[in-house]
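Trainee: Just passing along the structure, written as structure tokens.
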Amino acid sequence: MTEPTNARFPARDLCGTMLVHRRLLNESMTYRARRAAIETRALRYEQGRRAPVRTEVLTIPVVVHVVHDRAVPADDIADEQIHSQIEALNRDFRAANPDVAKVPDVWKALVADARVEFRLATRGPDGEPATGIVRVATDRHDFTVDDGVKSGATGGSDPWPSDEYLNLWVCRLRGGLLGYAQFPGGPPQTDGVVILNTAFGTTGTAAHPFDGGRTATHEIGHWLDLYHVWGDDDGACTSDDKVADTPNQADANYGLPAFPRVTCGNGPNGDMFVNYMDYTDDAGMFMFTRGQAARMNACLEGVRASFLVSPAAKEAPAKEAPAKEERLTRAMPETWRPSHDGDVERLLQDSERLTTEVLNDIRAAIGMVGGHPDG
Amino acid sequence: MTEPDIGIVGEWLHSYEEDTGDAEVYRPARHPFRPSRRPRRGLEFRADGTFVELRPGPADRPRPVTGRWHARESGVRVVFPEGGRVDLTVLSCQDGVLTIAK
């Protein structure tokens with residue numbers, strides 16, 4: 001996506017930009033190639049050129065790492081608070097949250113059930129019984145955004161295998177930051193999301209106005225490859241979130257805006273500030289769109305396809321009522337439904353194709369770097 | 001306006017709640033900031049002349065952009081190696097509060 005610009009610090013000149021681009025390309029070429037392949041796939045799903053294979057609700061096993069200052073017992077949040085977060089996620093990702101009724105009429109038809117649920121893992125990485133909660137007392141009072149919380153060597157907690165579990169770290173974060181995520185395609189040892197302990201769940205230490213569990217909803221949105229609805233272009237209208245049914249909007253919205261809020265000529269309905277991927281208060285965000293659900297499906301059937309076949313996921317079957325779409329599917333004759341084995345086979349073929357795409361992108365990138373003189 | 005001195009060296013985060021009509025207020029990164037979904041821009045002035053700006057990132061992790069800084073009569077000049085130059089007018093830097101003209 002387009003890198004954000006900055007009003008105070010102006011954009012670089014073209015030559016400088018190319019130098020930066022080249023440096024980044026050389027530093028993390030594999031990551032960039034992987035991201036390009038993920039983006040290509042997302043576009044296919046988003047434009048409807050490719051339909052999701054998945055028909056069932058996917059349950060993602062979660063491990064919550066509660067990393068707390070041993071001198072501050074209150075930071076060792078209670079199980080109840082953790083459960084309240086999981087419940088909030090299961091409402092939000094199934095469009096079962098009561099406040100979805102507040103979505104302005106003009107966007108009601110776009111509200112999507114992502115058909116994703118979350119469960120605390122009942123088995124550990126070696127198959128042992130587990131609660132899905134890891135508690136680590138540390139000498140560190142707080143953490144920065146350097147991923148220190150994700151490793152025992154730096155006072156945090158080591159991740160469980162990130163192709164089988166969603167790792168969710170809860171800790172005290174410096175600077176008033178609510179949380180941060182990692183897009184799919186990044187290093188597996190830091191894959192997951194980090195949430196401030198007072199912005200986690202809906203009970204216990206969760207504090208207004210971030211006590212609706214929506215920080216985790218937002219961060220897991222990134223983990224499933226969603227961008228911010230304003231396109232991270234720092235107030236410009238040049239970049240969007242690569243999802244067609246979210247209006248292009250200038251910048252993030254904060255607090256609880258009033259409808260409509262028109263920017264970038266997006267009237268009459270204006271910014272979709274009720275979207276989980278904006279920056280409003282927890283009480284102000286309550287929907288994903290169909291386009292965003294398509295992007296999440298592209299991610300789950302592509303770079304995160306391991307969750308569709310992982311043994312850990314099968315240990316945690318969904319209990320909630322099926323979504324409308326699934327109820328329709330269940331009403332179909334058996335022969336109309338795609339078989340699970342067929343799904344797996346197609347996904348494995350897709351993984352193979354994705355690998356080829358990544359290799360092709362790497363080859364193309366190598367050609368680009370090596371083939372052009374400096375300038 | 002005061003001459004910037006060594007007091008500016010350090011890591012500062014935007015305490016936007018304290019901004020006035022013509023000034024932005026920054027506090028040391030370890031200040032107990034109120035939780036905020038709005039990103040807090042960061043300015044780090046290192047003693048060796050390195051400057052690191054923390055800009056909003058696409059996955060909510062602030063994105064560092066590195067340059068060089070030096071004091072000038074009217075404030076601070078920041079130069080980025082890839083091109084681009086910014087002059088900051090320091091209004092005051094005392095008691096753990098850095099104020100910069102908007």
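Trainee: For the range A:241-259, name all the residues that are crowded, with 19+ Cβ neighbours inside 10 Å, more than 12 Å from chain B (Cβ to nearest Cβ) and within 28 Å of B:Glu17 (Cα to Cα).
Mentor: Those that are crowded, with 19+ Cβ neighbours inside 10 Å, more than 12 Å from chain B (Cβ to nearest Cβ) and within 28 Å of B:Glu17 (Cα to Cα): A:Asn248, A:Gln249, A:Ala250.
Trainee: If we scan the range A:157-165, do we find a residue that is polar (S, T, N, Q), in contact with a Phe, Trp or Tyr (Cβ under 9 Å, 6 or more places away or on another chain) and crowded, with 24+ Cβ neighbours inside 10 Å?
Mentor: No - not one qualifying residue is present in the range A:157-165.
Trainee: Across the range A:131-147, what is the total count of residues that are touching a Leu at 6+ places or on another chain (Cβ under 8 Å) and in a loop (DSSP other than H, G, I, E, B)?
Mentor: The qualifying residues number 5.
Trainee: How many of the residues making up the range A:33-73 are more than 19 Å from A:Val303 (Cβ to Cβ) and modelled with pLDDT under 95?
Mentor: Total meeting the criteria: 3.
Trainee: Taking the stated definitions as given, is B:Arg72 away from chain A (no Cβ under 11 Å) and farther than 30 Å from A:Asp211 by Cβ?
Mentor: Here the answer is yes, as B:Arg72 does meet what is asked.
Every residue, every condition in (1) without any contact (Cβ under 8 Å) to a residue 60 or more places away in the chain; (2) open to solvent by less than 20 Å² (accessible area, probe 1.4 Å), yes or no:
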| site | (1), (2) |
| --- | --- |
| A:Ile86 | yes, yes |
| A:Ala96 | no, no |
| A:Ala101 | yes, no |
| A:Val106 | no, no |
| A:Ala109 | yes, no |
| A:Ala137 | no, no |
| A:Thr144 | yes, no |
| A:Val149 | no, yes |
| A:Ala153 | yes, no |
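Trainee: On to the next question. Working only within the range A:158-183, note down all residues that are in contact with an Asp or Glu (Cβ under 7 Å, 6 or more places away or on another chain), at the interface with chain B (Cβ under 7 Å from one of its Cβ atoms) and not in a loop (DSSP other than H, G, I, E, B).
Mentor: A:Arg174, A:Gly179, A:Tyr180, A:Ala181
Trainee: Which residues, taken from the range B:28-57, are within 10 Å of chain A (Cβ to nearest Cβ), under 17 Å from B:Leu88 (Cβ atoms) and charged (D, E, K, R)?
Mentor: B:Arg40, B:Arg41, B:Glu53, B:Arg55
Trainee: Does A:Asp126 satisfy being away from every other protein chain (no Cβ under 14 Å), surrounded by fewer than 22 Cβ atoms within 10 Å (Cβ to Cβ) and within 21 Å of the chain's Cα centre (by Cα)?
Mentor: no
Trainee: Give B:Ala59, B:Ala47 a once-over and let me know the one that is open to solvent by 30 Å² or more (accessible area, probe 1.4 Å), in contact with a helix residue (DSSP H, G or I) (Cβ under 8 Å, 6 or more places away or on another chain) and either part of a loop (DSSP other than H, G, I, E, B) or within 22 Å of A:Ala199 (Cα to Cα) (or both).
Mentor: Sole residue among the options that is open to solvent by 30 Å² or more (accessible area, probe 1.4 Å), in contact with a helix residue (DSSP H, G or I) (Cβ under 8 Å, 6 or more places away or on another chain) and either part of a loop (DSSP other than H, G, I, E, B) or within 22 Å of A:Ala199 (Cα to Cα) (or both): B:Ala47.
Trainee: Within the range B:62-102, work out how many residues are over 22 Å from B:Asp19 (Cα atoms) and touching a helix residue (DSSP H, G or I) at 6+ places or on another chain (Cβ under 9 Å).
Mentor: Selection size over the range B:62-102: 7.
Trainee: I would also like to ask the following. Answer yes or no: is there a residue in the range B:68-83 that is touching a residue at least 40 places away in the same chain (Cβ under 8 Å) and open to solvent by less than 20 Å² (accessible area, probe 1.4 Å).
Mentor: Within the range B:68-83, one or more residues are touching a residue at least 40 places away in the same chain (Cβ under 8 Å) and open to solvent by less than 20 Å² (accessible area, probe 1.4 Å).
Trainee: A further question on this structure: Under the condition of being touching a strand residue (DSSP E or B) at 6+ places or on another chain (Cβ under 6 Å) and within 13 Å of A:Phe288 (Cα to Cα), which residue from the range A:111-121 is most open to solvent (accessible area, probe 1.4 Å)?
Mentor: Out of the qualifying residues, it is A:Val111.
Trainee: While we're here: Condition test on B:Ala59, is it closer than 27 Å to A:Tyr227 by Cβ, more than 11 Å from the chain's Cα centre (by Cα) and of a type in the set (A, V, I, L, M)?
Mentor: yes
The values are calculated or read from the model by the stated rules, or taken from the named source; none is laboratory data. Fair warning: this is a prediction, and the values are worked out from it, not measured in the lab. Backbone-built Cβ (ideal geometry, glycine too); neighbour counts: all protein chains shown. SASA here: full protein model, heavy atoms, side chains in, ligands and nucleic acids out. Shrake-Rupley method; radii C 1.70, N 1.55, O 1.52, S 1.80 Å.
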